[in-house]
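Asks: Please read through the structure below; I'll follow up with questions.
FYI, it's all coordinate maths here, none of it is from the lab. Keep in mind that this is a model prediction, so the values were computed, not measured. Here Cβ is always computed from backbone atoms with ideal geometry, including for glycine, and neighbour counts include all displayed protein chains.
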Amino acid sequence: MGNMISIAKNIVENSETSTTYATNGDISLQAASQVKLRSTDKIIYDKYQAPEKKEKELKQFLVHFRRPAGYKGEYGFDWLRDDYIYAINYVELDNNGAPCQSVVPLANDVAAVKNEYTKEVKSPIKPYGKDYYPAWLSLFPHTTAQQFKHGSSMNKNGAQLDLELEEIEDVISDGTEIIFESKNPNLKVTPQKINIAALMGSGKQTRYRPGGQPVKFYLLKGGINVVNTDAPLQQHEEIKVYAKLGDKKEEVGKLMVYNNHIIPKMELVLVKVGTQANSVSTIDQQLIKDLEYQFKRSSFNQALIRAEIKADTTFETGVLPLTDTGVTNFWNNVLGGSGRFNTDQFLKDVIALYEKYGQHKPAGGRINADANKRTYIFLTDLPASYLQGLAAGEGDIMKEFVWGNAYVVFLSGLKNRRTLLHEAGHSLGLQHTFSAGEPLVGLKPPPYTLYQGYTDNIMDYTWQLNRNPNPYDSNDSMRSFFKFQWDIMRQDRSLILNY
Ligand SMILES: [Zn+2]
C-alpha cells in the first residue's frame, strides 16, 4: 500500500498497530508505527503499511516420532537416521577394509535407504515439499484370549515415544494445535492433541547436517503414547499428524505401525555342552535366567515373534562312547589345543552328536532340516580366541546350511547378551548390517548396508574396522532390529505359525 490520503472528517482507522480518530479536524492518534500529519484537513500515512487483515499464519514445521533414550528393545522402533544418508561420521576403512578416510553417509546406497523407508508407507506425504520418512513402530496387540489368541500383555501400556518438532521456519507459541489421528479404533494415540507451547517448552535445540546446515528442533520426551488393544492390526496402520491454526490445517507427520495379526513362535532349546568336569556349572546362571526375558521381551519381540525356551538342558559329552568315531573326532578337535581348535568343526560335530545322543533332539532327526522348528543354542565354556559365537551358515563348513537352526556360543560370549541374540538373528536368516550378501542360495539380501560398527543394531559388530569401538556397545545399548530385519526374520522356516 502506498501513501494514503484521507479527508479528516469522520474517520476511524483500526489496525493492530495504530488507531486514529479524527472528527472535523480534531485528531487523536495512538500509533505503533510512523504516521505523519501534514495539514489540518488531510492525513497522510507516510511509508506506513497498514496491516492486511488476514488469518494467523500457520508456521511451517514437521513432526517426527522418535525412540526415547533408555530404550531397551521392549518394542520395535525404526527410522531413517540422519547419518545413514548425510555425511556425518568419519569412516576410516570401508567394509572391505579399503581406505575410506572421509566423512560419509553410513549407507553405501543412499537411494536404497530412502526407498526402503518409503515403501509400504500408507498415503505418503511431502509436507511443504520436504521429503518425509515415517518412523515404524511394532507392538504386540493387548487382547484377551477370546479377542485374539496370540495377543499379549507385553505391550499393554503401549510405547511412550518422544516427539520431535523440526522447524522449517521459526515457530511461535501462537496456539497452533498438533493433532494425532488414528483411523483404526484399536490403535490408540494419547493425547490426541498437543498445543505447540508444550513442545516449545522443551527448548529449541540445534543439530547440524553437512555443510553446517542447522536443523532446529524441539524434543518433547515421552510426549505421546501409542497402544494397540482389543484386536490386532490386520495391515500396516498409520497415525497421521496435523498442525492446525484457525482454519489452516496441514499434515506434517506420520507414524507407521506394523501389522500384528500373525505372531510367529520361535522355540529355543538351550543346551549347555559339558566338555570337562565343572564346565557346565561355570556357565553364567544369571545369563541363563535372563535369557528368556531377553529373547522374548527385548529383541525378537520387535519382529513380533514370540520366543520361548522350551528346554534348558545339559549335554555331557564326557560320557559318550569313544567307540563312536563322531565322538573321537569331536574330542580330537576339542583337545587339539587352542591353535588347532576349529570352531566350525565344533559346531558341526556338536550338532551331529546331539542329533544322535541329545535328550531333546528334534523329532525329525536333523537339526538343520526344514521339518525342525526349534533353534538349538549350544553353550560351551571352551575358549575360541576372540570368537564369541558362531551360527550355522556363518563359518566355512557350515555354509551348506543357509542360516541353520543351531548356533554355538563360546566362552567370551557367555556373559554377553548381545552375542546370544546376534547368533539367533543369524539363525533367523539375518546377515550382518554391513555385509552386502554372500552368495548363499536362498538368502534374501538386505535392502541396504551400513558401515560396520556405527549402529545400535544387534546384527552389527561391537567394533569398527579400524578397531574403534562401536559407540553403542559401551553402554550396552545395541538392542535394535531394523524394520527390514523384522520382515526377513518373520519369514524364517523355523518359525511356528499354527499354535
Ligand atoms: Zn555374526
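Asks: Given 0.36 nm per residue, what is the gain on full extension from residue 173 to residue 328 after removing their alpha carbon distance, in nm? Present the calculation step by step, with values, prior to reporting the outcome.
Replies: Working: separation 155, 0.36 × 155 = 55.80 nm, distance 7.67 nm.
Stretched out fully, the residue 173 to residue 328 stretch lengthens by 48.1 nm.
Asks: Sorted from fewest to most neighbouring beta carbons within 10 Å, what does the list 434, 482 look like?
Replies: On the way: 434 23, 482 30.
Least to most surrounded, the residues fall as 434, 482.
Asks: Taking the simple approach of a point 7 Å from Cα along Cα-to-Cβ for both residue 290 and residue 386, what is their distance in nm?
Replies: 2.4
Asks: Another question about this same structure. So what does log10 I(q)/I(0) come out to for the stretch 211-352 at q = 0.16, 0.19 Å⁻¹, using the Debye formula with one equal point on every Cα and no solvent?
Replies: Taking Cα atoms of the stretch 211-352 as identical point scatterers yields -1.02, -1.24.
Asks: Determine which residues of the stretch 234-277 fall in the zone a paramagnetic label at residue 147 would reach in this model, i.e. backbone nitrogen under 19 Å from the point 7 Å along Cα→Cβ.
Replies: Residues 234-239, 257-264 fall inside that zone.
Asks: If you don't mind, there's one more thing I want to ask. To the nearest 0.05, what FRET efficiency results for residue 82 and residue 342 with a Förster distance of 45 Å applied to their C-beta separation? Could you put the intermediate results ahead of the total?
Replies: Working: r = 43 Å, r/R0 = 0.96.
After rounding, the FRET efficiency stands at 0.55.
Asks: Sticking with this structure for a sec: How many nm separate the modelled label positions at residue 221 and residue 487, each set 7 Å beyond the Cα in the direction of the Cβ?
Replies: 3.4
Asks: Pop out the ³J(HN,Hα) list for the stretch 312-318 in order, Karplus 6.51 cos²θ - 1.76 cosθ + 1.60 with θ = phi - 60°, rounded to Hz; leave Gly and Pro as x.
Replies: 10, 9, 10, 9, 8, 7, x
Asks: Mind sorting 230, 370 by how few other Cβ atoms lie within 10 Å of their own Cβ, fewest first? Working shown, then result.
Replies: Working: 230 14, 370 10.
Going from sparsest to densest Cβ surroundings: 370, 230.
Asks: Using the Kirkwood formula over every pair of different C-alpha atoms, what hydrodynamic radius in Å results for the stretch 299-353? Show your work: numbers first, answer last.
Replies: Details: mean 1/r = 0.0737 Å⁻¹.
Averaging 1/r across every pair of different Cα atoms and inverting gives 13.6 Å.
Asks: Along the Cα→Cβ direction, 7 angstrom out, place labels at residue 319 and residue 115. What is the inter-label distance in nm?
Replies: 5.6
Asks: Follow-up question, since we're still on this one. For each of 237, 308, count neighbouring Cβ atoms within 10 Å of the residue's Cβ, then give the residues from fewest to most. Provide the component values of the computation, followed by the final result.
Replies: Numbers: 237 20, 308 13.
Going from sparsest to densest Cβ surroundings: 308, 237.
Asks: Can you grab the distance from the C-alpha centre of the stretch 245-273 to the C-alpha centre of the stretch 286-350, Å, no decimals?
Replies: Their Cα centres are 32 Å away from one another.
Asks: What does the extension gain come out to for residue 190 and residue 276, with contour length at 0.36 nm per residue minus their alpha carbon separation? Intermediate results must be reported in sequence, preceding the final value.
Replies: Details: separation 86, 0.36 × 86 = 30.96 nm, distance 5.63 nm.
Fully extending the segment from residue 190 to residue 276 adds 25.3 nm.
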